[in-house]
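Undergrad: Let me begin by handing over the structure; questions about it come next.
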Amino acid sequence: MISDDEPYLLVCPICNKRFPDNYTMICPCGCGGLLMAEYKATSLTIRDLPGLFRFSDWLPVKGLLPTRAAPICYQSSLLAQNLGLTNLWIAFSGYWPERGAFVISGSFKEFEALPTVVRLRERASGVILVASAGNTGRAFAQISAETRQPVIVVVPEKASDRIWTSLPAENMLLITVNGDYTDAITFANSLCSIPGIYSEGGAKNVARRDGMGTMMLEGAVTMGIMPDWYVQAVGSGTGGIAAWEASVRLSGDGRFGSDLPRLLLIQNEPFIPMVKAWQAERRDILPESDMPDSQNAILQVYSDVLTNRAPPYGIAGGVYDALTATNGVMDYVLTEEAKEAGTLFKQLEGVDLDPAAAVCVAGLIKSVQNGTIQREARILLAITGGGYDRIQADIPIIVNTPSIRVDGKIEVEEIFRIVRRWVSRYV
Ligand SMILES: *Cc1c(COP(=O)(O)O)cnc(C)c1O
Ligand SMILES: [Zn+2]
């Protein structure tokens, strides 16, 4: 029985069945698409709640956490003028106190972490496991430090200095893996067999997607209408999927227009698997042609958070479907272009960017210059991270030291024993 007080259900994009949420990541019928949240509220009421939770109507939560983190949106004047654009809007997630932006971990991954923690507490109970190239891990570390939610964060060794927090993260187990992002994911997956551990779930996690979708919600609410274009740099593309899902809800609301914004999603050359697949009109990524020599390519990009080798691209409800539904475009930029765009953005708008956000700005510039985007178009530019310089200046941060290093020096059995013992403190 589905109780009447459920504010949302999960719906499978393949069999269309509806389910109550038990922190469910896949259709119980085994369909394999991305489950979507279907909210009882068909129109969006902005709630008088802290931070991101003002969008609670369309987040898979009942309660909230105290936070100031939320996206902000404003109309650009200087960058717009520089590019000859008349209707450029910036959705900023990061730290920029003058504009009311207080995302202490600096990226929109914090919009994922907040509702994920609430969702887990309401639907199950245990320790959250996150594998990350840096930004997601830091976001969960920060929210763990703020809320005491236990988390296990697994990162590549060379990303371990990215897991800083503004408070001591006493309920985090930080594990570093000798290898790249994909090796971290593989090791994290092996830990999932330990009872009491719940994987964050990546794109399959509706809290992750709907948390990121608040960038689109904030944009539409500020502009009073949905944009013609939503521009974002992508590695997994989850933010793009999220923007599409949010726009479908806004379209159903009726007050923000009905045309879905076109997605313009950008990757960083030379690692551009989704650009290759989409431009070849394929639902599948072919490793040999779409990401040849991937290890080497990954080493060359400016933004390594954009280097997911197994993005949710072809899966039902994934990036391919989002691009198809929105008449979307995928393109790439060069590292040099991204660096220049980041410098230009800082000069004109006044805040430093995460390298991924610089890739996004370069993608916008390229698309205006080659005519993909018209100069009068209403554009929402998703600045997914930034303000690190101000964070450094304003906030005494703590760089967390790893508790476990997976480097071949300790037996895997011993690592599992340590992790099990740590989990048993909470479960
Ligand atoms: C993770 C990340 C992205 C890419 O997000 P997707 O999951 O691919 O949508 C872009 N920018 C920043 C700053 C990120 O941390
Ligand atoms: Zn199904």
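The values are calculated or read from the model by the stated rules, or taken from the named source; none is laboratory data. Not measured: the values here are computed from a predicted model. Virtual Cβ from ideal backbone geometry, glycine too; neighbours counted across all protein chains shown.
Undergrad: List the number of the failed condition for LEU250; all other conditions in (1) buried (at least 24 other Cβ atoms within 10 Å of the Cβ); (2) assigned to a strand (DSSP E or B) hold.
TA: (2)
Undergrad: Is there a residue being of a type in the set (Ser, Thr, Tyr) and on the phi > 0 side of the Ramachandran plot anywhere in the range 78-90?
TA: The initial filter retains those residues of the range 78-90 that are of a type in the set (Ser, Thr, Tyr), namely 86.
Pick out the ones that are also on the phi > 0 side of the Ramachandran plot and you get none.
No, the range 78-90 contains no residue that is of a type in the set (Ser, Thr, Tyr) and on the phi > 0 side of the Ramachandran plot.
Undergrad: For the range 46-54, check the following and say yes or no: at least one residue is in contact (Cβ under 8 Å) with a residue 40 or more places away in the chain, in contact with a strand residue (DSSP E or B) (Cβ under 6 Å, 6 or more places away or on another chain) and away from ligand 1 (no atom under 16 Å from the Cβ).
TA: Looking only at the range 46-54, we keep the residues that are in contact (Cβ under 8 Å) with a residue 40 or more places away in the chain, and these are 46, 51-53.
Filter once more, so that each one left must be in contact with a strand residue (DSSP E or B) (Cβ under 6 Å, 6 or more places away or on another chain): none.
Within the range 46-54, not a single residue is in contact (Cβ under 8 Å) with a residue 40 or more places away in the chain, in contact with a strand residue (DSSP E or B) (Cβ under 6 Å, 6 or more places away or on another chain) and away from ligand 1 (no atom under 16 Å from the Cβ).
Undergrad: Does VAL368 satisfy being among the β-branched types (Val, Ile, Thr) and within 26 Å of ASP259 (Cβ to Cβ)? Give the steps one after another, and end with the answer.
TA: Values: among the β-branched types (Val, Ile, Thr): yes; within 26 Å of ASP259 (Cβ to Cβ): yes.
So VAL368 fits the description; yes.
Undergrad: For the range 26-41, which residues satisfy the criterion of being out of contact with any Phe, Trp or Tyr (no Cβ under 9 Å at 6 or more places or on another chain), in contact (Cβ under 8 Å) with a residue 24 or more places away in the chain and away from ligand 1 (no atom under 16 Å from the Cβ)? I'd like the intermediate steps shown before the answer.
TA: Step one: list which residues in the range 26-41 are out of contact with any Phe, Trp or Tyr (no Cβ under 9 Å at 6 or more places or on another chain), which gives 26, 29-34, 36.
After this cut, where a residue has to be in contact (Cβ under 8 Å) with a residue 24 or more places away in the chain as well, the list is 26, 31-34, 36.
Of everything in the range 26-41, those that are out of contact with any Phe, Trp or Tyr (no Cβ under 9 Å at 6 or more places or on another chain), in contact (Cβ under 8 Å) with a residue 24 or more places away in the chain and away from ligand 1 (no atom under 16 Å from the Cβ) turn out to be ILE26, CYS31, GLY32, GLY33, MET36.
Undergrad: Which of (1) within 21 Å of SER93 (Cβ to Cβ); (2) modelled with pLDDT of 95 or more; (3) crowded, with 19+ Cβ neighbours inside 10 Å; (4) not charged (D, E, K, R) is the odd one out, the single condition THR222 does not satisfy?
TA: Checking THR222 against (1) within 21 Å of SER93 (Cβ to Cβ); (2) modelled with pLDDT of 95 or more; (3) crowded, with 19+ Cβ neighbours inside 10 Å; (4) not charged (D, E, K, R), the one that fails is (3).
Undergrad: Taking ARG99 as the residue in question, decide whether it is of a type in the set (Lys, Arg) and either touching a His at 6+ places or on another chain (Cβ under 8 Å) or under 24 Å from PRO312 (Cα atoms) (or both). Working first, answer last.
TA: Numbers: of a type in the set (Lys, Arg): yes; either touching a His at 6+ places or on another chain (Cβ under 8 Å) or under 24 Å from PRO312 (Cα atoms) (or both): no.
No: the conditions fail for ARG99.
Undergrad: A further question follows. Just to verify a result, which residue in the range 227-260, among those that are among the aromatic types (Phe, Trp, Tyr) and closer than 24 Å to VAL275 by Cβ, is nearest to ligand 2 (Cβ to nearest atom)? Break it down into steps so the answer makes sense when it comes.
TA: Just the residues of the range 227-260 that are among the aromatic types (Phe, Trp, Tyr), to begin with: 229-230, 244, 256.
After this cut, where a residue has to be closer than 24 Å to VAL275 by Cβ as well, the list is 229-230, 244.
Details: TRP229: 32, TYR230: 28, TRP244: 20 Å.
Top of the filtered list is TRP244.
Undergrad: For the range 311-330, give me the residue count where each residue is surrounded by fewer than 21 Cβ atoms within 10 Å (Cβ to Cβ) and away from ligand 2 (no atom under 16 Å from the Cβ).
TA: Going through the range 311-330 one residue at a time, the tally reaches 5.
Undergrad: Check ALA207, ALA184, ALA243 and return the single one that is modelled with pLDDT under 95, surrounded by 21 or more Cβ atoms within 10 Å (Cβ to Cβ) and in a helix (DSSP H, G or I).
TA: ALA184
Undergrad: Here is a follow-up. I'd like to know if the range 380-389 contains one or more residues that are farther than 21 Å from PRO261 by Cα and surrounded by fewer than 21 Cβ atoms within 10 Å (Cβ to Cβ).
TA: Here is the first cut: in the range 380-389, the residues farther than 21 Å from PRO261 by Cα are 385-389.
Still in the list and also surrounded by fewer than 21 Cβ atoms within 10 Å (Cβ to Cβ): 388-389.
Yes; the residues of the range 380-389 include at least one that is farther than 21 Å from PRO261 by Cα and surrounded by fewer than 21 Cβ atoms within 10 Å (Cβ to Cβ).
Undergrad: Collect the residues in the range 153-167 that are outside any strand (DSSP E or B) and either touching a residue at least 60 places away in the same chain (Cβ under 8 Å) or not charged (D, E, K, R) (or both), keeping them in residue-number order.
TA: Within the range 153-167, the subset outside any strand (DSSP E or B) is 157-163, 166-167.
Of everything in the range 153-167, those that are outside any strand (DSSP E or B) and either touching a residue at least 60 places away in the same chain (Cβ under 8 Å) or not charged (D, E, K, R) (or both) turn out to be GLU157, ALA159, SER160, ASP161, ILE163, SER166, LEU167.
Undergrad: Tell me which residues, restricted to the range 122-152, are assigned to a helix (DSSP H, G or I), away from ligand 1 (no atom under 12 Å from the Cβ) and in contact (Cβ under 8 Å) with a residue 40 or more places away in the chain. Before you say what the answer is, go through the steps one by one.
TA: At the first step, the residues of the range 122-152 found to be assigned to a helix (DSSP H, G or I) are 122-123, 135-147.
Then keep just the ones that are away from ligand 1 (no atom under 12 Å from the Cβ); that gives 122-123, 140-147.
The answer is GLU122, ARG123, PHE140, ALA141, ILE143, GLU146, THR147.
Undergrad: State yes or no: is ILE72 within 16 Å of ligand 1 (Cβ to nearest atom), at pLDDT 95 or above and β-branched (Val, Ile, Thr)? Before you say what the answer is, go through the steps one by one.
TA: Details: within 16 Å of ligand 1 (Cβ to nearest atom): yes; at pLDDT 95 or above: yes; β-branched (Val, Ile, Thr): yes.
Spelling it out, ILE72 is indeed within 16 Å of ligand 1 (Cβ to nearest atom), at pLDDT 95 or above and β-branched (Val, Ile, Thr).
Undergrad: Against the conditions (1) touching a strand residue (DSSP E or B) at 6+ places or on another chain (Cβ under 6 Å); (2) assigned to a helix (DSSP H, G or I), where does LEU265 fall short? Just the number, please.
TA: (2)
Undergrad: I've got another one for you. From ALA69, ALA80, which residue is buried (at least 17 other Cβ atoms within 10 Å of the Cβ) and free of Cβ contacts under 8 Å to residues at least 24 places away in the same chain?
TA: Working: ALA69 fails: free of Cβ contacts under 8 Å to residues at least 24 places away in the same chain.
Result: ALA80 is the single residue among ALA69, ALA80 that is buried (at least 17 other Cβ atoms within 10 Å of the Cβ) and free of Cβ contacts under 8 Å to residues at least 24 places away in the same chain.
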